[in-house]
Each structure stands twice: as structure tokens, then as C-alpha cells.
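The next block holds one structure in the form of C-alpha cells; read it before the comments.
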Amino acid sequence: MGGPLCGLQLFAFPETGSWCQSRPWAGAGASAMALRKELLKSIWYAFTALDVEKSGKVSKSQLKVLSHNLYTVLHIPHDPVALEEHFRDDDDGPVSSQGYMPYLNKYILDKVEEGAFVKEHFDELCWTLTAKKNYRADSNGNSLLSNQDAFRLWCLFNFLSEDKYPLIMVPDEVEYLLKKLLGSMSLEIGLGELEELLAQEAQAVQTSGGLSVWQFLELFNSGRCLRGVGRDSLSMAIQEVYQELIQDVLKQGYLWKRGHLRRNWAERWFQLQPSCLCYFGSEECKEKRGTIPLDAHCCVEVLQDREGKRCMFCVKTASRTYEMSASDTRQRQEWTAAIQTAIRLQAEGKTSLHKDLKQKRREQREQRERRRAAKEEELLRLQQLQEEKERKLQELELLQEAQRQAERLLQEEEERRRSQHRELQQALEGQLREAEQARASMQAEMELKKEEAARQRQRIAELEEMQERLQEALQLEVKARRDEEAVRLAQTRLLEEEEEKLKQLMHLKEEQERYIERAQQEKEEMQQEMALQSRSLQQAQQQLEEVRLNRQRADEDVEAAQRKLRQASTNVKHWNVQMNRLMRPIEPGDKRPTTSSSFTGFQPPPLARRDSSLKRLTRWGSQGNRTLSANSSEQKSLNGGDETPTLASTSQEDKLDPAPEN
């Protein structure tokens, strides 16, 4: 608080003093003018605190120190040469406010830039100068106001005070500030209590038209307006009102905010100002997490509940959209209304809501003052008319009849006014009834909206369930397609295997035909040789009986071979049918043909054994003197071979048997 003026000698503050209002600055905008007025209020306290003799004058050395400190806190480049030149004269006496104002305007206020300095540090400098001489807290520590709270109330007083010197706060602004403070503590002040408080300060109010800052601080320290409120509660209320009015905090509190990158929800402490919406990690406001800039192009919208969050709304800026969630519907309504107010202020080019409200209250007071002055003039005029009426009383007696007639006219006029009043009252009652009907219809419409919202939520849930089922069906279809592709690949492989087996079968068939042709040729050669050996065979007549017995057994074997041949022919036909079936394309859903069972009875002819059987048969025909046992073993060897050679040997035996059956 007292850092910038360390070691500066302070003087008593005068109860009354002169402070010349500065002339309007040419070319200064409305915001610059408002800033200069606020700075002049605080500088006025610092100047009057340095007034030793309460004469409106301050020594040059103290003004130099004050100017140097103002340079420091306002972040203005120091100009010691101009300071020395301005105060260089032969008169070593003090300088009045009229003498200091030109230097203050030219070298300090004209160089001030809004936003280039911290307003709170500037106010702390001026408060340090004036508080040590004028603010008297309870030395026993029973004061309700701490030094920080007194400083904030002093800033609030300067903000709400009139732009006249000495600075005062009118009763309307006192009432406004008291209601703000008590409202922050959930308390209310009645009109009777406020009149009682102001009645205790009636002399000061009647003399200057309002309260000074020291009377205002004494009112709080005495506890007369707080009704037993604790010091901590009062301090929190003062801080909240200070943030709202001085720091332009329109609203603050906890909200849930959705992240931009991670898309998660986090609880943040938000502070809304006319130009931006800042959010912090906690309500101590030490760790600033981000800022949402607000301008005339921004908007705020209410969102439907989703993702487990309720009471949602969003702030749309030119760059992105910020989603937030309040604790309840009332909080969401308050936040959206406050953000819309900030956007409206930006659209209207205003930087502070409460400055605008203060100006409106001031204009209302001026209008009331003008009406009061007009009413006083009217009363004065009525008094003059009454005097004139008394002077002309005798003349009016002559005009009594006319006066009675005028009274009748007045009565008729009064009756007419009464009838108009009744009609107006009836019209108002009708409008009230219409408003009640409109409210009832609006409530019914709200109920319908709620039911519609419930149906929409149910429909959304059904659509989500349907989406899950469709995803499951899609997965099953994909799996079925994969299985079908695998079956097709397996069928393709089976078809290739069957084609390969068919090729092998055709190859075996060709080999079998070649062997049959070779066996036929050998058979013809054997017939020629057997014709030449017929004589030798006649000598074996005696052995024919035994051969016949063997032949009978061989016939049985031939029948068995013929049965096998017929089974092989059937299998070949079945294989041809299967080949014809396999020649058409295999389509999805066709069963795989079973080919393994079609050749159960088919066996390829053993070529080596057939060749050896034919050779042995040739040797047997040329050697007729062999024993019956050898013929029997050769006949068994022929029966164990292929069906076609067996039939050939059987027919050869028929030719070799010339003996009749009788």
C-alpha cells in the first residue's frame, strides 16, 4: 500500500478545500475523459492530504515528489527538466491547485494511456497519502474494516461519487452501494433503516448534499448498517462488490468446461468482464488457464443435455466454440444473460456496465431534480395566485354565480376523469387477465416442449440401439463373406485335385487299352503255336479229367472276375457321370461332390504280373508234358491278375479242349 511513497512527509487533510475542475481536453474521447475524471478524484485526495494549512496550497517540493510518484505508477517517462522549469520562479511559497493543474494536464494526464498501467496501484498510491492523515481505525482492533477493505470502499466511494469537489456521495448512491454489499451477504436493508442512517448524518447531508468518504467509512466501522455481520463476511462482500464495480467483473463462479484438444470436462473458476471471459484453476485466480475474447460478433446458445452433462451452453467466437455446463438451470440462465450483456456492451462500444448504469442513475437524479425544481416553481406560482385571489376576493363575490357554474363544470370534469380512470382500470384488469391466460398457455407449451424433448431423447436412444444392431449385423455379414470365400477356395482346390485324378485315370485307361492289344497279339501267336503243338496235347488226354476239375474251379474264379469286371464297368460309368457333373461351374451353396466312394471297386491292373502271366501261359502251351500241379499253379496265377488276361486264357482253354462232353 505505501510502497511508492516511502519516506514522504505527509500533512493533515483539510475538511474543506478548493479543487479546481480541469477544463475539457480538446480531442479527447469519451473513454479518455472518463479515465481522467477517475484519476483526478484520486489525485485530489493526494493533493488535499499534502495541504498543510488547509488553504488549498501545497509546497513545491511535495508536489515534485507527488509528480515523480505519479510518473512511476502511471508508467510515464520521467521529465525532470520540465518539472523544474514549470516550478522555477522567484516565489518559494506553495502552489495552489490552479497553479498545479496546467502541469498535471500537460505532462501527466495528457500522456496517460489506458491499459498501460495498473489502476489499483495508482489508487493505492493516493490512498496511502490520504489514509494516514484522515482514516482513523479502532486502535483496539475492534474495527470491522481491515486496511484492505477500507481501501476498496474508498475506491468504491470514488467510483460512485459526484464529479464535484469536494467529493461526496449522494444518498441514492449510498443506498445503491449498501444494497449491493448487503445483497452479497444475502441481507436486505429497508427504506426506514436507510432513512434512519441518513438522519444521523442529516447535518452533513444538508450541508454538502451527501456523505464524505470518511463519514462513509465511519458508518461501516460503527456497524450501524450491518446488523451484526461478521468481519470476514463483510470483507468477502466488499471484495465481491469491488470486483464487480471497479474491476468490471460481471459474474464469476465455477463452471464445467470442455477441452479443445483432449475433449474432456474440467471444472474451472470463470470471471466475466465486458471484453473477455477468463477461467482459472481455482477461485484464488492465481493460475490462469485461458481467456475467451468477446466482441460484437460473439453469441451464446443453450445446448441440449448430452454425455452425462446437463444445463449446457456454448459461447461462439470467430475462432472456435467453447462448451460449458452449469450446476443448475438458474445458474445457466444467469451466465447466459451476463455473457449476452457483455456482448451487448461490446456492440455498443462500452467498456463498463456499471459506468453506464452510474451515468443512467445520475441522469435520473438530474431529471428528478429538474422535476423537483419545476414543482417548486409551480408551488411558488400557486402561492402568488392565491395572494392574487385574496386581493380580488371582493371582485369574486360579484362573480359567485359564474364561480358556481365553474364549480359545476369542474365537478363534471372530475366525474369525467373518474369515469376515464374506471375505464382505464378495467382495461388494465383485462390486460392482466390476458397476461394470465398467456402465462397459462406458455406453461402448457412448456409442458409440451418437455414431453417433446423426452420423446426426442427416447428416439435418440432407439437410434443408438439400432446403430449397434446394424454394426453387429455388418460384422456377421463380413464374417459370412470371409467363410464363403474360404469355401470357394476349398472347392477350387478340390476341383483341381479331381481334374488331376481324372487325368491319371485317363492315362491308366490308355495304358490298359495298350496292354489289351498286346495281349490280343500274344493270344494270336499262342493260337498258332498251340495248333502246332496239338499233337503233343493229344498225348495229355489222360490228364484232362484232372484239368477239367481244375477248369471248374477256374470257371468259378472267372465268374468272380466277371463280376469284378461288371463292377468296374459300373464304376467307370459312375465316374463319367461325376465328370459330367464336375464340368459345370461350381456355384456358392453347391455341395462338394464325393468322388472317393465312386472307385471303391476299381483297381488299376498290375502290369508286371499280367506280363509274367502271359509268358508263363505261353511256356505252358509249348510244354505239354508238365505235371498237373504246375498247370494248376499257373491257372491260379492267371486268375490273380487282370480280368482281361483271365478271360483270354479261359477262351484259349476252351479251344484246347476238343473232347466232347459226352
Residues of the stretch 276-305 satisfying the condition of being open to solvent by 90 Å² or more (accessible area, probe 1.4 Å) and of a type outside the set (D, E):
K286, K288, R289, H297, V302, Q304
Among the residues of the stretch 321-360, which ones are open to solvent by 40 Å² or more (accessible area, probe 1.4 Å), farther than 23 Å from K180 by Cα, part of a helix (DSSP H, G or I) and in contact with a Cys (Cβ under 9 Å, 6 or more places away or on another chain)?
T329, Q346
For the stretch 216-275, which residues satisfy the criterion of being open to solvent by 20 Å² or more (accessible area, probe 1.4 Å), among the small types (G, A, S) and not in a loop (DSSP other than H, G, I, E, B)?
S222, S233, S235, A266
Could you grab me the full set of residues in the stretch 97-139 that are within 28 Å of S352 (Cα to Cα), open to solvent by 50 Å² or more (accessible area, probe 1.4 Å) and not in a helix (DSSP H, G or I)?
E113, E114, G115, V118
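Go through the stretch 140-175 and give me each residue that's over 18 Å from I246 (Cβ atoms) and either part of a helix (DSSP H, G or I) or not aliphatic (A, V, I, L, M) (or both). Lay out the reasoning, then the answer.
The initial filter retains those residues of the stretch 140-175 that are over 18 Å from I246 (Cβ atoms), namely 140-144, 164-166, 168, 170-172, 175.
The answer is N140, G141, N142, S143, K164, Y165, P166, P171, D172, E175.
One line per residue, one yes/no per condition, for (1) part of a helix (DSSP H, G or I); (2) of a type outside the set (S, T, Y); (3) open to solvent by 60 Å² or more (accessible area, probe 1.4 Å); (4) under 30 Å from W575 (Cβ atoms):
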site	(1), (2), (3), (4)
E477	yes, yes, yes, no
A490	yes, yes, no, yes
K503	yes, yes, yes, yes
E524	yes, yes, yes, no
L549	yes, yes, yes, no
Residue match in the stretch 318-338 (condition: under 20 Å from V241 (Cα atoms), touching a residue at least 12 places away in the same chain (Cβ under 8 Å) and hydrophobic (A, V, I, L, M, F, W, C))
yes
With hydrophobic (A, V, I, L, M, F, W, C) and closer than 29 Å to M579 by Cβ as the only criterion, which of A486, A454 stands out?
A486
Tell me which of these A427 doesn't satisfy, since it passes every other one: (1) out of contact with any strand residue (DSSP E or B) (no Cβ under 6 Å at 6 or more places or on another chain); (2) open to solvent by less than 80 Å² (accessible area, probe 1.4 Å); (3) closer than 30 Å to I246 by Cα.
(3)
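Here is a yes/no grid of residues against (1) over 30 Å from L582 (Cβ atoms); (2) in contact (Cβ under 8 Å) with a residue 60 or more places away in the chain; (3) touching a strand residue (DSSP E or B) at 6+ places or on another chain (Cβ under 6 Å):
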site: E510; (1), (2), (3): no, no, no
site: R514; (1), (2), (3): no, no, no
site: M526; (1), (2), (3): yes, yes, no
site: E529; (1), (2), (3): yes, yes, no
site: L544; (1), (2), (3): yes, yes, no
site: L549; (1), (2), (3): yes, no, no
site: A554; (1), (2), (3): yes, yes, no
site: Q567; (1), (2), (3): no, no, no
site: N571; (1), (2), (3): no, no, no
Residues of the stretch 150-175 being buried (at least 22 other Cβ atoms within 10 Å of the Cβ) and among the charged types (D, E, K, R), which ones?
R152, E173
In the stretch 282-303, what count of residues is obtained for those that are out of contact with any helix residue (DSSP H, G or I) (no Cβ under 6 Å at 6 or more places or on another chain) and either charged (D, E, K, R) or touching a residue at least 40 places away in the same chain (Cβ under 8 Å) (or both)?
8
Taking into account only those residues within the stretch 307-320 that are under 18 Å from A296 (Cα atoms) and not hydrophobic (A, V, I, L, M, F, W, C), which is surrounded by the most Cβ atoms within 10 Å (Cβ to Cβ)?
T317
Given (1) open to solvent by less than 90 Å² (accessible area, probe 1.4 Å); (2) more than 30 Å from M169 (Cα to Cα); (3) within 60 Å of the chain's Cα centre (by Cα), index of the condition H421 fails
(1)
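For residues in the stretch 62-96 being among the aliphatic types (A, V, I, L, M), in contact with a helix residue (DSSP H, G or I) (Cβ under 7 Å, 6 or more places away or on another chain) and part of a helix (DSSP H, G or I), which is modelled with the lowest pLDDT? Give the steps one after another, and end with the answer.
To start, the set of residues in the stretch 62-96 that are among the aliphatic types (A, V, I, L, M) comprises 63, 65-66, 70, 73-74, 76, 81-83, 95.
Now restrict to residues that are in contact with a helix residue (DSSP H, G or I) (Cβ under 7 Å, 6 or more places away or on another chain): 63, 66, 70, 73-74, 76, 82-83, 95.
Next cut, part of a helix (DSSP H, G or I) only: 63, 66, 70, 73, 82-83.
Values: L63: 83, L66: 86, L70: 88, V73: 89, A82: 73, L83: 69.
Among them, the one singled out is L83.
Considering E415, E369, which residue is in a helix (DSSP H, G or I) and within 30 Å of E244 (Cβ to Cβ)? Even if it seems obvious, please write down each step before you answer.
Working: E415 fails: within 30 Å of E244 (Cβ to Cβ).
The match here is E369.
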Which one of L532, L495 is open to solvent by 100 Å² or more (accessible area, probe 1.4 Å) and among the hydrophobic types (A, V, I, L, M, F, W, C)?
L532
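The values are calculated or read from the model by the stated rules, or taken from the named source; none is laboratory data. Source: prediction; values computed, not measured. Every residue, glycine among them, receives a Cβ derived from its backbone with ideal geometry; neighbour counts consider all protein chains shown. These area figures cover heavy atoms from the full protein model, side chains too; ligands, DNA and RNA do not enter into them. Shrake-Rupley method; radii C 1.70, N 1.55, O 1.52, S 1.80 Å.
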